[in-house]
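Take a look at the structure set out below.
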Amino acid sequence: MNRASGRSASIARHFVLAAELLLGKEHDRHSLAKRLQVRPAMADRLLNAAVRLLPGVQERRVGKRRVIRMNVSPYGAEPGYATAVAACFGSSLWPLFEGSAYQTGIRDALSHVVGRTRRRAVFKDIDRKFWFLRRGGEPALLDRAPLLDELLEAVLHSRAVSIAYTRFDGDSERLRVEPLSIVVHDHQLYVVGRGEGGRLHPYRFSRIADVDVLHDEFTYPTRSQYDPAQVFHDSFGIFLNLPAQDVELKLDRRWRTFAQTHRWHVSQVVEVRDDAVRVTLHVRVCAELEAWILGFGEEAEVIRPAELRERIAARASRLARKYALREESSTRSATIKARLARPAGRRKDSR
C-alpha cells in the first residue's frame with residue numbers, strides 16, 4: 001500500500017511539474033522542491049529529466065541558480081496579422097512605464113506575439129515604426145516602481161489598500177481604498193478606487209507615497225455597478241465629482257479645418273458658420289476644460305454656460321492686468337536705464 005502510494009506520488013510530481021511549465025512558470029531546485037514538497041536533490045533530478053525529455057524546456061543561469069522554463073508558443077494558436085499589428089500599437093506605450101519592470105515586459109509581450117506569426121519577417125524595426133509620443137509621462141515610476149507592483153496586485157486580486165496620499169493642496173493623509181482600475185490620463189497614471197462611503201475618486205499615482213495591501217478582499221462590482229467607460233463618459237479630464245453641462249464655444253474661422261478633423265470629446269458637435277466655428281460639448285466643467293479654452297487665447301469665446309463664461313472672462317482680465325503691470329514695469333525700467341546711460345550735460349545756470 002505504501003509502495004503504491006509512493007509510486008502514485010512520484011507520478012503526480014511529474015505531472016505537476018509538466019503542468020507548471022505549460023502554464024509558463026519557471027523553477028529552480030529550491031522553488032520546485034517547495035512546490036512539490038520534496039528534497040532539493042529530488043528536485044534536481046526532476047529538473048534534469050524535464051530538460052532531457054520535455055520538448056521546449058530551456059535552462060539558463062541566474063547568478064548561481066539554474067532555472068528552467070518551457071517555450072509554450074508552439075502549443076498555442078498562431079496570432080493573426082491584425083493581432084500582431086494590435087500588439088505593436090500596444091507596445092508603443094512602453095515609454096509611459098519607463099523605469100519599471102513593465103517597460104521590459106511590454107517589449108517581451110510584443111516579441112512573444114510577433115515571434116509566433118507567420119509573417120514575422122515584416123515586423124522589423126517595430127520600435128521605430130510604431131511610436132507613442134509621450135508628453136511628460138509618469139516621473140514617479142523612476143523611484144516608486146514597487147508601489148505600482150503593489151497596486152497592480154491589489155487591483156488584480158480585488159484587495160483593499162491603505163495608501164499615504166498627498167492632496168493637490170499639499171495636505172497628506174492615510175486612506176483606505178478599494179482599487180478598481182489603473183487609468184492612463186494625459187500620459188500619467190491614476191488609480192480609480194472607492195474611498196470612504198464608497199465614493200469613486202481618481203488617485204494620482206505620483207502623489208501616493210506608500211502602499212500597504214490589506215488582507216481584506218472586496219467583491220469587484222458588476223459592469224452595471226462600475227464601468228470606466230460610463231464613469232468617464234462626461235469627463236473632459238480626470239475629475240468625477242462635478243456635474244455635466246452643455247458647453248458652447250465660438251472659435252475664429254481659421255480653426256475650421258482643425259475643428260472638423262479633431263475630436264476633443266465624444267459628445268462634440270462642430271458647426272462651421274460664416275463668421276466663426278461653433279463647438280458644443282456635454283462635459284463636466286472642470287479646471288482642465290477652462291485651461292483648454294484659455295489655450296485658444298483671444299481666438300475663443302464661451303457662449304454658455306454663463307458661469308463658465310464669467311469665470312473665463314475674469315481669468316482673462318486678471319491675466320491682462322498681470323501682463324499690463326509687467327509691461328509697465330519693464331517700460332519704467334527701460335526709461336530709467338536710458339536716462340542713466342545718457343551723457344551728463346551741462347547744468348543750466350539757475351541764477
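Values computed for the structure shown
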{"item": "Packing-based order for 41-52, 211-222, using average beta carbon neighbours within 10 Å, highest first", "result": "41-52, 211-222"}
{"item": "Computed E for residue 125/residue 311 - FRET, C-beta separation, R0 41 angstrom, nearest 0.05", "result": "0.25"}
{"item": "Taking only Cα atoms of region 233-339, radius of gyration then Dmax in Å", "result": "17.6, 61"}
{"item": "Size of charge dipole - the chain - debye, nearest 20, with Cβ of Lys, Arg +1 and Asp, Glu -1, no other charges", "result": "1680 debye"}
{"item": "Region 82-167: Rg to Rh, with Rh as the Kirkwood radius over Cα pairs", "result": "1.07"}
{"item": "Qualifying trypsin sites (Lys or Arg not before Pro) in region 240-307, DSSP loop, other Cβ atoms within 10 Å at most 16", "result": "263, 273"}
{"item": "Anchor residue 129: aspartates and glutamates whose Cα lies under 15 Å away (excluding residues fewer than 8 positions away in-chain)", "result": "none"}
{"item": "√(5λ) per eigenvalue of the Cα gyration tensor, the chain, largest first, Å", "result": "59, 27, 25"}
{"item": "Stretchable slack from residue 206 to residue 82, in nm (0.36 nm times residue separation minus alpha-carbon distance)", "result": "41.2 nm"}
{"item": "Gaussian network model of the chain, Cα within-10 Å springs - most flexible of 145, 101, 82", "result": "82"}
{"item": "Debye intensity ratio in log₁₀ form over the Cα atoms of region 141-222, taken at each q of 0.23, 0.24, 0.26 Å⁻¹", "result": "-1.16, -1.27, -1.49"}
{"item": "Cα gyration tensor shape for region 2-74, rounded if a/c is under 1.5, else prolate or oblate", "result": "oblate"}
{"item": "With eigenvalues of the C-alpha gyration tensor scaled by 5 and rooted, region 5-133, Å", "result": "36, 17, 11"}
{"item": "Separation between Cα centres of region 178-213 and region 29-97, rounded to whole Å", "result": "33 Å"}
{"item": "Under 16 Å from the Cα of residue 34 - aspartates and glutamates, other chains or at least 8 residues apart", "result": "20, 26, 44"}
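Read-outs throughout are calculated quantities, based only on the coordinates presented, and are distinct from any laboratory measurement. The structure displayed is predicted, hence computed values, not measured ones. Every residue, glycine among them, receives a Cβ derived from its backbone with ideal geometry; neighbour counts consider all protein chains shown.
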